[in-house]
1. Here are some residues: Tyr606, Tyr651. Which one is of a type in the set (Ser, Thr, Tyr), within 30 Å of Pro490 (Cβ to Cβ) and modelled with pLDDT of 90 or more?
2. Pick out the one residue from Lys745, Lys763, Lys786 that is more than 47 Å from the chain's Cα centre (by Cα), in a helix (DSSP H, G or I) and under 21 Å from Met808 (Cβ atoms).
3. Taking the conditions exactly as written (buried (at least 21 other Cβ atoms within 10 Å of the Cβ), modelled with pLDDT of 90 or more, under 30 Å from Arg206 (Cα atoms) and of a type outside the set (Lys, Arg)), does Glu108 satisfy them or not?
4. If a residue counts only when it is in contact with a strand residue (DSSP E or B) (Cβ under 7 Å, 6 or more places away or on another chain), which helices (runs of 4 or more DSSP H) contained entirely in the stretch 442-531 have at least 3 such residues?
5. Can you give me the number of residues within the stretch 317-341 that are part of a helix (DSSP H, G or I) and within 23 Å of Phe306 (Cα to Cα)?
6. Return the only residue of Leu930, Leu912 being closer than 23 Å to Ala860 by Cβ and part of a helix (DSSP H, G or I).
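The values are calculated or read from the model by the stated rules, or taken from the named source; none is laboratory data. Predicted, not measured: the structure shown is a model, and the values here were computed from it. Cβ coordinates were reconstructed from backbone atoms using ideal geometry, including for glycine residues, and neighbour counts include every protein chain displayed.
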Amino acid sequence: MINQRFEIIKKIGEGRSSVYLCGDNEFPDSLIAIKILPTKADRAEKENFRNEFFTLQKLDHPNILRASEIGTIVQVDDEENISTGSPFIILEYFDSQELLNSAFINDESNLKEMVKQICSVLSYLHLSNYIYYDLKPENILVSSKGDKPVIKLIDLGLAVYAPSETDYSITGTAQYIAPELLKKEKHNQSVDIYSLGKLLYKIIYRSFPFKATEEIEIYKAQIEKEFEFPPSDKYSDELLKVVKKLLSKNPEERHSSSLQVIDELNFEVSSSVIKDFAPAKTFADRKDAINILSTYINDKTSSEVFVVKGFDGSGKTTVLNKLRETYTNSILINNAKGKSGIELVKYVIKKLLYSEFIYPFLGSGVAKNLSLLLTGSDAEILNQLPAVVSKLASANNFIFLIDDYNLFDEFSAEVFKDFVPILQINNIKVILSESSESRYHSAQLNNVREITIGSFTDVQLAELIERSFSAEFPKKQLNELTLTYSDLLPGSIISFIKDLGLLGIMEFRTGGVEISSDQEKLSVLKGSQTQIYNLRLKNVTELERQAVNILAALDITIEQGMLAELMELSEQETLRIITNLQVYNIIQKNTAGTALVITSDGLKKYIYSELQGKEIFHSKLAEKLSGNLPSFSKTELARQFELGKNFDMCYDILMSEINDVEKHSSFSYMKKILESMLDVPFSQSQNNQVKFKLSDVNYKLSDFKSALNIIQTIEEANLGADTRLELSVIKGSSLIGAGEYEAGKDFLNNLIPNLTDGTYRHKLLTELAYANFDQNKFTEALVQCKNILSNTNLSDELKGKCYNLLGMYEIYQNNDAKNALQWFTKAIDCYDRANLPRRIAGMEVNVGNIYNMLGDYHKAEEHWSKASQINNSVGNLEQEGLLLLNLGVFHLHRQKIEEAITSVNKAHKIFLSLGNELNESLALLNLGELYMLICEYQNAYDSLEHSSRILKKQNHNEELAELFLILGKFYFHIGDLENHSKVVKELSQLLRENELPAKHHNNFNFLQVLEQISNNGDVNIQQLKKIIATYNVQDERLYYAESVLLLVEQLISAGDYETSLEEINSKELKEICKQNNIFEAEREYFLGKISLGHGSDKLLPPIDYFEKAYDLVKNESITELTWKILWALAEIYIQRGNIEKSKNYSKYAKELIQFIAEQLSTTGLQRAYLQQSERKAVLQN
């Protein structure tokens, strides 16, 4: 087996590539061929192989073998003689043999039929601006339909679109190459006409017209030798005459086109070509979309999801296919039609896992475990999915493309809602396409950017037609017709061109293609779209109409095998129906699987509108689906029963689906189903059950208000006693969750005496204990916890919750970290026994916080690391984001600014991908402070302004107060007095209008002091000392050190060196400075200033302090202190007479100020920064 998907049946071809007949486990209704290029192939061969796939993807002709996927073999069973690393292409299986091995070539009429089909393909390629370059018997497969031959062209690796008019490289197989190509002369599609002649010569005479075997000799014979055409016993002179003309040395003397060959073989050109003609896909004028997406792909920091939106036929798929072709590290999900639910989820995971960008980078053990997991139960897969996606996303960088994302079923979309953020935070580029005619699933995702593409302009249409057709095509007339009658969506244009053939408006003649001016034919185009639809449906048989009625009546896509089951037909009969419907332009020609899709949503709606007796039809279809397809989508089956007015069956099926997905905790999906059920006319009893279930789901989703609103509409008298009790518990718990603590507690307290189930009772008692704790009723919570723990049959989960609460009690009530640590450790043991990894992660965070409080930073990081590993393994992104924010603060306190920024940036990405705006704003606030510390002022400003917009919009006043503190400091450091003053006023108003904790009032007082300093006014030293004392009491160590050093600076400015020396030598400040290089450097800097001005014999010379300060900062990130120390050294060295050293330090200080200023791009900030008095003085010196 290859990639745990393709079951090898036998080898069916061997050449440069090997071809195997395989079963496809993903699409078991049909066989496929897998073409494998050996790993030893050179670069050119690999490029040709890849080119062949993308060429085949663009072509649409029944006599060209279809390709559905390209990939690399990353896993293969040992017994297979196939190497990992081999590229492969998945092709349709065509039960056939090579042309020269077919008995059909021995009969002239059959040979002519095959030549006609070959010419049909060549005409299609040539009119679509391609040259094949490799026409030979080995590349033509022959099968039979009845007693007639059917051919398929293969191996288009050398085919070229719009060949260069300057590069005339020799291309093809020596015996079939045209003379003009060998002479490297200008050439056209006539080279393929020549190859056709050579192919026929080989068939007729069983040899080539020369005996040469060496390549150079063959080339010489092709150019110089006049070929002989002796009479044949088996083939007519008429055929020989055609062959002789095909092999003319002079291209001008050959047939001008393959259509002319068809005509000379006495076939009617029109009927041979029209029914099969659809222009090859070309990429025309979606460059703006591609440029935007390419910029996003190349941006290493961007974590958005891009969604390409537009109506069906607008070219969304073409854009994604272009990206797939351009970027070799992209993975495209575009053939999932017919799959839904867990099967679709598994399919996508397998596509990722068995990609050459992921599988080889996982390590054999991990890869094997993931492969085994995918064979497990649905519940196991869904439970492990976050861990799986996390491993896949961290293995390597790749681009993840999903076509028609909003055609995924609701369950799959719900799963992917949690799947995509994991990709985002791992810097995986995610690009989706969605149809504007269906509800957008991307609305459930966050940090999304949209690109909308619509109809072509006149110029874009002209480019499409110009690129799609050769010079011989009547492009001008086609352009005029399309402008007049088509809606100019690219897909609709292709369909329109197909309809021109069906209507006989586009006519294929011996001399080429003509556009008819017949007014009767053109009148159909002037009519309604309905006339076009009727024309397509006019020739369908009764069975074919039954098939399209089924497809139109379903809201999901089904596969060929399903249709066969529903119509009770054989696979062959069903395939015949599908083939005809594709010819009539009713069903799309899919390149993957066997999914059946009507060509446009408009046609599908029209077919359904014409369906007679819809209720009976849906009822019968529902019964057949239920009886013949037991694994069919339950939601679609229920919909069929609903439309058939069998509401009881609809109810039973949907409730069964809800019970199934509840095992996987897919509550959002359950909510969507239940809300849709409210619109179905079920019985009163059924409706009550739906509402009860919906209230429970809302509670589990923490949507407490919605739960309470639904409960109010339930007629409780119609519920059973157990259900009423459950509903009461949901109501009480929802009241607590909604912040109505007392009402909720009273409700639950009244319920508890009536509970006979001990586990249920303990659960509610624990919930009451947590409610009391949230209300700061710590003692009541403590007593409740101890009473609960006295029960011997308490579950490990509830024990863990109680131990956690006891630990928090020790922190909040007793400030006893060591006792809290003991309780938290017990909680971890309980959660471990209960196998609750998310709760374990939460407790590891708590334990890490305790060790941080105790000063054991190594152990703190150790426990946080454990928590992070668990979060990533279970996909607990919310908690991981909070942990990363915590780590940012931890690194900040230890002056590891770059590490702090990395942590907080990751947190920001997580919250952005989850749509958690509050935590996103906190991450931005932290980033603003961090960037400010290292003088990245523009980044700081951008982060703080973004945070401000979110917090003001959501009225998070306490967080907004914290923001104003950082923003005020920012403007102070910049020197922007006006904006600093505005921030002070905003914070003052916020404090007046809201009751906020005392710390924010102290922060306000600090900003007022900064304002006094900015205005060069007298600083209230006593007020500053009060601020310092308050920060000390609040244990705000960084703010305390910052304000003490500010006090020292003001005392030095006032000439009070004695007091400044006392403050700078305070025990508390020295303790903080020991753990923070920047604070210690600033302390040494001020000691130098004091020594410079005080001249005390207790102090060292100023230069000693300044040099020590410089040693502390020279390997740290740039701060404002850096240039101040450099300038101090410059001044001290000039006093000492060392001019050269002074110049160097002076130069570095000025360059650093200029460098910081140059990074500021916001109007006014750079000017304010350079105009600040101290900096201005340095620059002007």
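1. Values: Tyr651 fails: within 30 Å of Pro490 (Cβ to Cβ).
Going through Tyr606, Tyr651 in turn, the sole match is Tyr606.
2. Lys786
3. Values: buried (at least 21 other Cβ atoms within 10 Å of the Cβ): no; modelled with pLDDT of 90 or more: yes; under 30 Å from Arg206 (Cα atoms): yes; of a type outside the set (Lys, Arg): yes.
For Glu108, the condition - buried (at least 21 other Cβ atoms within 10 Å of the Cβ), modelled with pLDDT of 90 or more, under 30 Å from Arg206 (Cα atoms) and of a type outside the set (Lys, Arg) - is not met.
4. 475-485
5. 10
6. Leu930
Here is a yes/no grid of residues against (1) touching a helix residue (DSSP H, G or I) at 6+ places or on another chain (Cβ under 7 Å); (2) of a type in the set (Lys, Arg):
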{"position": "Glu92", "(1), (2)": "no, no"}
{"position": "Asp95", "(1), (2)": "no, no"}
{"position": "Ile105", "(1), (2)": "yes, no"}
{"position": "Leu111", "(1), (2)": "yes, no"}
{"position": "Ser120", "(1), (2)": "yes, no"}
{"position": "Leu127", "(1), (2)": "no, no"}
{"position": "Leu135", "(1), (2)": "yes, no"}
{"position": "Ser144", "(1), (2)": "no, no"}
{"position": "Lys148", "(1), (2)": "yes, yes"}
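Table: residues versus (1) farther than 30 Å from Leu370 by Cβ; (2) in contact (Cβ under 8 Å) with a residue 60 or more places away in the chain; (3) of a type in the set (Gly, Ala, Ser); (4) in the same structural domain as Leu59 (by TED's automatic domain parsing).
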site	(1), (2), (3), (4)
Asn81	no, no, no, yes
Ile89	no, no, no, yes
Phe104	yes, no, no, no
Asn110	yes, no, no, no
Ile131	yes, yes, no, no
Pro149	yes, no, no, no
Asp155	yes, yes, no, no
